[in-house]
1. Taking every DSSP beta bridge with both residues inside the chain, roughly what % is antiparallel (nearest 5)?
2. Among the lysines, which have Cα under 19 Å from the Cα of LYS426 when same-chain residues fewer than 8 positions away are ignored?
3. Can you put ARG185, ARG59 in order of Cβ neighbours within 10 angstrom, beginning with the fewest?
4. Show the residues, 5+ positions off or on another chain, whose built amide H is closer than 5 Å to the amide H of GLY493.
5. In whole angstrom, note down how far apart the Cα centers of the stretch 438-476 and the stretch 80-108 are.
6. Give me the percent of DSSP beta bridges within the stretch 69-203 that run antiparallel, rounded to the nearest 5.
7. Enumerate by residue number the trypsin sites (Lys or Arg not before Pro) in the stretch 414-507 meeting two conditions: DSSP loop (anything except H, G, I, E, B), and at most 13 other Cβ atoms within 10 Å of the site's Cβ.
8. In the stretch 464-495, whose amide N lies under 20 Å from the spot 7 Å out along Cα-to-Cβ of SER522? List them in ranges.
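Read-outs throughout are calculated quantities, based only on the coordinates presented, and are distinct from any laboratory measurement. For clarity, every value in this text was computed on a predicted model and none was experimentally measured. Neighbour counts are summed over all protein chains in view; Cβ atoms, including those assigned to glycine, are modelled from backbone coordinates with ideal geometry.
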Amino acid sequence: MRRLFDGYLELLFGRPRLILVLLVLVAVVSTVLLLRLPVDTSIESLIIEDDPDLAFYNRYKEQFGEDEFLVVAFRNPEIFSPAYLRFIDRLTAAFEDIDEVREVVSLTNVEDIVGSRDDFYIHPLVAFLPVDREEAARIRRRALANPLIAGNLVSPDGQAGLFILRTRAHPGDEKYDARLIGKVRKLLADPRVNYRHEKFHLAGWLVTDVGMSSYMTWDLLLFLPLTTLLLIVLFWFFLRNWWAVCWSMVNITLCLLVAMALLYLDGGSVSPMTAILPPLMMALAASDSIHVFTDFFQHRRSPQTVLPVLRRAMRQLAAPCFLTSFTTAAGFFSLVVSKIPPIRQFGLAAAGGMLAEYCLTMMVIPLGILWTQRSPGWSAERSRHHGFLDRLLRQQAPMVVRGRWLICGLALLLTAGAVWQATRVKVETNVIEYFRAGSRIARDTAFVDRYLGGVNTLEVSFRARRPDAFKEPANLAVIGAVSDFLQQRPAVGKILSVNSFLMEMNRAFHGEDERFYRLPASREMTAQYLLLYDGDEIYNFIDRDYRWARLSARVSEHRSSRLKEYIDALQDFVRTRCRDAGLEIRATGKTFLVNKLIKNIVDSQVQSLLVAFLIIFAVLFMVFRSFTLGFISIVPNILPIIFNLGLMGLVGIPLNTATAIIAAVTIGIAVDDTIHYLHQYQRERAAGAGRRPAVVRAIARKGVPMTTTSLLLVGAFSILLWSNFIPTAQFGLLCAVTMVNALVCDLLVLPALLSLRR
C-alpha cells in the first residue's frame with residue numbers, strides 16, 4: 001500500500017489542477033442530486049416493501065378510502081346553540097371548498113336515521129339551522145341519542161366535537177399533506193371565518209407526518225449552521241491555524257454533499273431516520289482532518305520543508321485513516337441487512353460517504369497546504385505538545401500500567417451492572433412521544449384522546465367469497481363479536497361498522513324503540529333496510545356487493561407495546577372464535593402497520609450489530625496479524641455498546657426507529673481510536689520498545705489526537721440534543737455518551753489489557 005500511496009502523492013502534487021477539476025465536478029454533481037432529494041415522513045416508508053400486510057392495506061384503501069383522515073376538534077359548552085351550529089355549518093362549507101378535501105363530516109351534515117312506524121328515512125342531523133334554543137335542544141337530544149354520532153362527532157357530554165376531513169387519493173403527491181394542513185390552519189386563522197376565535201385542535205396521521213417533516217426541516221436549518229460553527233471553533237481551539245480550519249471545513253462540506261447525493265442515488269429520502277445523516281457525516285469527516293493536521297503540526301517545519309513534512313505525515317496516516325474509514329463504513333454498511341427501507345438507505349449512504357470521506361481527505365487537505373504553503377502558519381515553529389492535555393495524558397500513561405488490575409476489575413464490575421440495566425430496555429414505537437410534551441401536536445392529540453376517544457384507528461377487514469354475504473345474520477354476528485371483543489379494551493373508543501348502521505336502521509324502523517337497537521333478525525329484513533337506505537356513509541364500511549366489510553375502532557393508545565397486546569389478542573380471538581365463519585378476517589390500517597415495526601426494529605438491531613462485529617473485527621485480526629491483539633481490540637469497542645444499552649435501560653430510552661441503529665453506528669465509529677492507538681503501539685514495538693513502554697509511548701503519541709477527535713465528535717453529537725424531534729435528541733445523547741465511553745476505554749482499558757498480555 002505504501003508504494004501505491006507514493007504514486008498517488010506524485011500524481012497529486014504533480015497534477016494539482018486535474019485533482020481540482022475532479023473535486024469541482026464531484027461538488028457540482030452532488031449538489032444537483034442533493035436538491036432532488038425528496039422528503040418522506042410517512043410511516044409506510046418504514047414498512048418492508050414486499051410486506052403482504054402493506055400490499056393488503058393498499059388494496060383496502062382502494063376500496064374504503066384513506067384511514068388517515070384529518071380531525072379538527074374543538075370544545076365549547078354551547079356547541080348546540082343556534083349561533084354555534086351556524087358557525088359549524090359555515091366552517092363545514094369552507095372545509096368542503098378546499099381542493100384536497102374529498103368529504104367533510106360534521107354535526108351539521110352528518111346523516112341521521114329518522115324512524116317512523118314501519119319505515120325510516122335519511123336526512124342530515126341539522127336539516128335546517130335552528131332559530132331558537134328549543135329547536136337546538138332537540139338537535140342535541142337526537143345527536144347524543146344516536147350511536148353513530150355520540151362518541152364519534154361529539155363527546156358523550158355534548159361539550160366537545162370535531163370535523164372529519166377525508167382526503168382524496170394522492171399517489172406521488174409528496175406535498176399533498178402539507179398543503180392540506182396549511183390550508184386548514186390558514187382558514188382557521190382567518191377572523192372572517194373563525195370569527196369566534198375558537199381554539200381548534202388538529203390531529204391524525206396527516207398532522208403527525210407533516211409535523212415530522214417541518215421539525216426535520218427546522219432541525220436541518222438549525223443543525224447545519226450550529227455544527228459548522230462548532231466545528232470551526234473546535235478546529236481553531238485544537239489546531240490554532242486558520243488555513244487548517246478553512247481546508248478542514250471545505251473537506252467536511254464536500255463529504256456532506258457526497259453522502260447526501262448517495263442517499264438520493266440509493267432511492268432514499270429525508271426522513272426521521274436519515275435526517276441525522278448530515279450532522280453525523282460532518283462530525284465523522286472532521287475526525288480524519290484532525291488526525292492529519294495534528295500529525296503534520298507535530299513535526300518541525302521550515303518554509304523549505306513544509307511539503308516533505310506533509311508527505312511524511314500523509315504516508316504515516318494513509319493506512320490507519322483508511323482502516324478507520326473502512327471500519328466505520330463497515331458499521332454503517334451492516335445496516336443494509338435491515339428490512340426497514342430508511343435504515344437500509346441510511347446505511348448505504350453513510351457507508352459510501354465514509355469511503356468518499358477518506359478519498360476527499362487525502363485530496364483536499366494536501367492540496368490546500370500545497371496551494372497555501374507560503375503561509376507563515378504552515379512553517380511556524382510549533383511545540384509538539386498540546387499544553388495541559390498533553391501533560392495530563394503523559395502523566396496518566398504510567399499510572400494506567402501500574403493500576404492495570406484495578407482498571408480491569410472496575411471495567412468488569414461496570415459491565416455487569418450495564419448488562420443488568422440493558423435487560424430493562426423496552427422496544428417501543430410511540431409516534432406522539434417523538435414530539436416534545438409541550439408541542440402543539442402532542443397537546444392536540446392529547447385533547448382528542450381525552451374528549452373524543454382517540455384519533456387513530458385500528459381497522460379490521462372482513463371478506464367473503466360471494467356477493468351479498470353480509471346480508472346474512474351469521475356473518476353480521478361475526479362482525480359484532482369482533483366489535484364486542486375490541487370494545488372491552490380500555491383504550492378503544494367508538495367502533496363503527498356496517499352493524500352500527502343496521503342496528504340504528506332497525507331501531508328507527510320500529511319507531512325508534514331502544515329495545516330494537518340490535519341487528520335485524522333475518523336476511524330478508526337486512527336486505528330491505530339496505531334497499532330503503534338512501535345515504536352514503538354506510539358505504540365507507542361496506543362495498544356495494546356486500547362482500548367486503550370494514551370495522552374501524554378509534555384508539556387513544558399510542559404505545560406500540562400496548563397496541564401489540566391488543567392486536568395479538570384480537571388475532572387470537574379471530575383464530576379461536578371465528579375460524580369456522582368462512583370469512584377472511586385480518587387486522588389492517590396504518591396503526592396496525594406501525595405496530596409491525598417492533599419486530600423489524602429488533603431484528604434490524606441484532607442482525608446489523610452481528611454483521612458489523614464480524615466485518616470490523618475480521619479486518620482487525622488481519623491487519624494486526626495477531627489473534628491475541630485482535631481479540632484485545634474487541635473489548636474497548638464492545639464495552640461502550642454495553643454501557644450504551646445499560647444507559648438506555650437506566651433512563652428509560654426505548655429502542656425505536658432512531659436508537660435501533662446506535663449499536664451498529666457506534667461500533668464503527670468507536671473502533672477508530674482503537675486502530676490509531678494499536679497502529680502506534682505496533683510501531684513502538686517494531687522500534688524495539690518493550691510491551692509496557694510501548695503502551696506508555698502510544699498514549700503519549702496518540703493520546704492528544706484521540707482525545708481531540710473524540711471531544712469533537714461529542715460536541716457535534718451534542719448539537720442533536722437541541723432537536724424538537726425526541727428520537728434525534730436521544731440519538732445525539734447516546735452517540736455523545738458512547739464517544740466518551742469509547743475514549744475512556746481506549747485510554748484506560750485497552751492499555752491496561754495490553755499491559756496484562758504475555
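1. On the way: 40 of 43 bridges.
Around 95 percent antiparallel, to the nearest 5.
2. Straight-line reach from LYS426, under 19 Å: LYS564, LYS596, LYS599.
3. Numbers: ARG185 15, ARG59 12.
Lowest to highest Cβ neighbour count: ARG59, ARG185.
4. ARG554, VAL555, SER556
5. 22
6. On the way: 20 of 21 bridges.
Of those bridges, close to 95 percent are antiparallel.
7. Working: sites: ARG424, LYS426, ARG436, ARG440, ARG443, ARG450, ARG463, ARG465, LYS471, LYS494, ARG507; in loops: ARG424, LYS426, ARG436, ARG465.
Of the trypsin sites (Lys or Arg not before Pro), the ones in loops of the stretch 414-507 whose Cβ has at most 13 other Cβ atoms within 10 Å are ARG424, ARG465.
8. 468-477
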